[in-house]
Every structure is written in structure tokens, then in C-alpha cells.
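I have placed the structure first, in the form of C-alpha cells, so that the comments after it can refer back to it.
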Amino acid sequence: METGKAKIVVTRPGQVVALDTTPLPVKVLDDVFGTPITVHLTLALDVYSHSLVAFRLTPVSEASVEVAMLLRDVMLPLPMRQDWGEEVEWPYPGVPAALVAEFAGHKVAGLPFFAPETVTSDHGSVYKNHHIVAVARRLGIDLLPARAMRPTDKAACERAFAGIQSLLLEMLLGYRGVDVADRGADPEGDAVWSLSQMEHLLATWIVSVWQNRRLDQYAPAWDPGGRHSPNTLFAAAAARDGISLEIPEPESYFELLPTHYVKIDRQRGVKIGGLWYGGADPVLDPYRGQRSGRSGQHAGKWAMGRDPRDCRQVFFENPGQPGHWHALDWNGLPPGDDVPAFGDARVRELLGEAVRAGLKPLDDRELPLPRAQEHLWPRHSRPPTRRPKESPNSRHPMDPLLLRRARHLVLLRTRQRKLGTASRRPARPDPAARHRSRPERGPGYPRPA
């Protein structure tokens, strides 16, 4: 494998894991609203055994938090699901399935898991940012970006996308192809798979089909003519080198989230992404209005973990109890556990609606608007909202630029009336009279000089 100025000879599973993302060529239905959407498929492929050790489906463009959780999934064993049989259970030699199940706490499917040593990816913004660098440092992973404009550096990952498309996705309803030539008449109308169903279908297909499929062009150098699959290659490496059973702690989820450094207000708590959290949480009481012992760029501020896919709460590690994370709920969250999750895009839409309607809420509980509630909460769980004082702007929201122009025009007309310089619009001339006053011109009529 060649990436950049380095050439790596891959000899064991987990030595190099390739990451890549592509739009899924199948329209799926949103789990909340049931509308056809386009999702992105992110794969993690072990370069040695060509095992698809992890994947992620995201309903919007991929984000760094999805890549961080994908790397965590590589290190976690895949639990068995209800409709999976014994044929897809842990099959690798050296470690019995019962021992792995006892170690993991549940039955484990036949998909390799390990701590990756090196991760290679392209130069997309989700793979090259401070968050991913911090995640790789936390997990002990080396980042090795591929060469720019060289998709052959991740040829195995590109081939996996093509294999998934030709062997599975082309036979599904809602397939939209990769270009207009493959697009059906109405892929949005044909979409029947929800996002959760598509995730379950892909997981089932990877465990039962891909992991047992023969690798013709990717046979190992020590047995080029043998019949090998990703499972047999991993089993051979496990029999030779053994299997390292390293499973990250559950607290690693909070440690891999994007970190925000904020101050703790005495009444409202902490403000992240335009929303306030932990206003009445007793966990923050000893630290309200206090400075942290942090120095440097974020001197005096407190670290908060936040999942941008779920803005209902943020997470705070109590300095008095290291390793114990506490969830701080959003101050405007209505009571009940049936409130669906909402991400950064919904928050931006909510705050934009407040600005366009001319609202100036004093508390996040006054923030939800009727239109934004359609996106944040179902009808049976909407919180009561106190309407602000009625104003023309709140009743009829306008574009801010048009509103400023209208105000400027009103002030200008008022000033002209006071100064007596306002002039009436001249009467529109009669077209017939203008036509009658025009002299007739014959063929020999001379033109005026």
C-alpha cells in the first residue's frame, strides 16, 4: 500500500484501516417524517483481510463526530440481532464464541474487531480537522492521509463500494443510480426502506454475504490460488498471531465527542451552540460563576462534551469525580421522555425563525416557534409557549434587508413632507393625445433636421 511518501506492506489485520464516504444510491425514508432522503454511507475497511469492520449511515452530509464513532465501532464487537442465526455467530479460531460473549456481555457476530494502528483517508474536511486529530490521539491511532487526487491509494475501499452497489443496492426499490442514465422514473416514490431498516439490511448483508464472499483479485501472497474470504483471512491471522480482545470503556463515548470550552452562568448554566443547558441542574451548583483551573487558550473555562446530532443535552465531567459524566438537559426541553432528537441544523433553523419573527426571548423556554415546533417535537409533546408582545414584525415576518429598505423609505417620505419638498407623481400622459399631436408622414415627407 502506497500513501504519500510512505510505502506500507500490510501483514496483519488492523495494521491499516481505510475510510471513505459516498452517497448511498438508494432513496430511503426518514424515520421521523417518512420523507424520501439521501443518506451517506461511510465504510471502514481492513486493508489486510478486506473485512468491512464498521459502517455508518448519516441522513445528512458526514460530520467528524460520525467518523469518531465509526473508529469506536471498529473496536467494539458487533452484537447478534434477533433475526440472525447461528451461522453468523463468532467463527474465528483461537478464542471460543462463549468466551467472547462473556467478555463482551452479549453474543458476538462474526465480524472482526480490533484496535486499528493506522487509518488512511482522503483529504475531506471531515477527516482533516482538530476533532479527528484529538480522537486519533485518544485512541492511539496514526493518521496517514492518502495522496491528493489518487483514489488508487484506497482502491480496496472503492471496490467495496462498487461491490455493495452491484450485489445489493441495485436490486432495491428506490435505487437512483450513480448518474442520470441509471436513474429510474420516480426513485422518491419507489422508496420503501426506512433509515433503520436500511442499516439493518446492510449489517445483515455484510455479516452473512460479504464476510464469506470469495476474494478473487485480493488473494494473499502466501496462497495466491486459494479460495479465501475476509473471514478466512482474519481466521488465518488469528491462528498465527492471536486475537487481542480490547474493548473500549463505555465512557469513551463522552471522551470522543467534540469539546466546547464555556463559562458557567449562575442562573442559566452553560451556553453551547446558541442554547442554554443545566439551568437548574444541581451538579453545576459548586461551579457556577467560578473559574476552572485550566490555563492556556481556554483559561478559566470548563470543558463540555456535546453530540451535534442530539442537542437535547450536553455532558459534563465532574472534576470532583473523574470519569463520571453527567447529562445537562436543555433549558427549553419539555417534560417527558418522548421528545425526538434534533441536531445542529434544527437549532439553526429554530434560532433563525426567532430572528426573522423579531422575538427576543429571555429564556430558552420562550424560544420554540410554531413552525420550529413542527420539526423539534411531535404534536402531543409540544411545550406551552408564552407569546411575546404583538408587533407588525412578529405577525408578518419579512426579510431583514427589505424591512430596512421599507423603514428608510418611510423616514424619507416623512422628512420630505416636513420640509415641504414632497412632490406629487406627475399625471400619466394620454397615449391617444400623444398620438394625435404627432404629424403624419407620407412616403416623401422629409425628416426633421
Along Cα→Cβ, 7 Å out, is where each label goes; now give me the distance between the ones at PHE33 and TRP222 in nm to one decimal.
5.4
Pair ASP265, HIS324: separation of 7 Å Cα→Cβ label points (nm):
2.7
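What is region 6-90's relative contact order, in percent, from Cα pairs under 8 angstrom and six or more apart in sequence?
23 percent.
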For the pair VAL9 and GLN82, how long in nm is the line joining their label points, each one 7 Å along Cα→Cβ?
5.1
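Give me the number: length gained by fully extending GLU251 to HIS298, i.e. 0.36 nm times residue separation minus the C-alpha to C-alpha distance, one decimal in nm.
Residue separation times 0.36 nm, minus the Cα-Cα distance, leaves 14.6 nm.
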For the peptides 310-316, 208-214, 48-54, what is the packing order when you average, over each peptide's residues, the other Cβ atoms within 10 Å and list the highest mean first?
48-54, 310-316, 208-214
Would you mind getting the accessible area per residue of region 235-285, heavy atoms of the protein chains only, 1.4 Å probe, in Å²?
52
Going by average Cβ neighbours within 10 Å, how do the peptides 112-123, 342-353 rank, with the highest at the top?
112-123, 342-353
Over region 177-276, calculate the relative contact order: mean separation of alpha carbon pairs under 8 Å at least 6 apart, over the residue count, as a percent.
12
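Quick one: which of 138-150, 258-270, 292-304 comes out on top by average Cβ neighbours within 10 Å, and what's the full order, highest first? Working shown, then result.
Working: 138-150: 14.5, 258-270: 17.2, 292-304: 12.8.
The most tightly packed comes first, giving 258-270, 138-150, 292-304.
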Pairwise centroid distance, computed over Cα atoms, of region 38-55 with region 130-147, Å:
17
Modelled label reach - VAL209, point 7 Å along Cα→Cβ, region 220-238 residues with backbone N closer than 18 Å:
229-231
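The values are calculated or read from the model by the stated rules, or taken from the named source; none is laboratory data. Given the structure is predicted, the values throughout are model-derived calculations rather than measurements. A quick note on method: Cβ atoms are made from the backbone with ideal geometry, for glycine too, and the neighbour counts reach across all protein chains shown. Ligands, DNA and RNA are excluded from the accessible area calculation, which covers all protein heavy atoms including side chains. Shrake-Rupley method; radii C 1.70, N 1.55, O 1.52, S 1.80 Å.
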